Amino acid sequence: MNKILAIITAFLAVTLMSMQNPLMDIVNQVNEKRENRILFATLGIVDYLHFQPKDVTDELSEEIFLDYLKEIDQSKRFLTKHDITLLQKHKFEIDDQIAAFNFSFFNQAED
């Protein structure tokens, strides 16, 4: 009887773990849509209400990049040179990512 219970438990555990990927895909899609709406609304508000809105260019991308790194690691204790090198490729792409509602830089920075 214990063997049967162990087999059933193992089967259920494997089944639930295999179902987690499709569920996580759905959750990720919902989060991505929500992030896109937030970015769209934020850009609209900034563009409409800001007294001196900036053009979204490579110069702004660089400024965002440097400010972001300074804010998330002010004491320079958490990010390694390797981390910064990986993020560096986004330095002049943030403006393009904003236009495309792409969060590659921020998602990679979180990891």
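What to note about this one:
- Counting every other Cβ atom within 10 Å of each residue's Cβ, Phe105, Phe40, Phe51 order from fewest to most as Phe51, Phe40, Phe105.
- Shown in residue order for the stretch 74-88 are the 3J(HN,Hα) couplings computed by the Karplus curve 6.51 cos²θ - 1.76 cosθ + 1.60 at θ = phi - 60°: 4, 8, 6, 10, 9, 8, 8, 4, 5, 4, 5, 4, 5, 6, 4 Hz (x for Gly and Pro).
- As a proxy for reagent exposure, Ser75, Ser104 were ordered by neighbouring Cβ count within 10 angstrom, fewest first; the result is Ser75, Ser104.
- Normalised Debye scattering of the stretch 54-110 at q = 0.12, 0.13, 0.24 Å⁻¹ gives log10 I(q)/I(0) of -0.26, -0.31, -0.97, counting only Cα atoms as equal scatterers and leaving out solvent.
Values quoted throughout were computed directly from the atomic coordinates according to the rules given, and no laboratory measurement underlies them. Please read these numbers as outputs of a predicted model, since none were measured by experiment. Cβ coordinates were reconstructed from backbone atoms using ideal geometry, including for glycine residues, and neighbour counts include every protein chain displayed.
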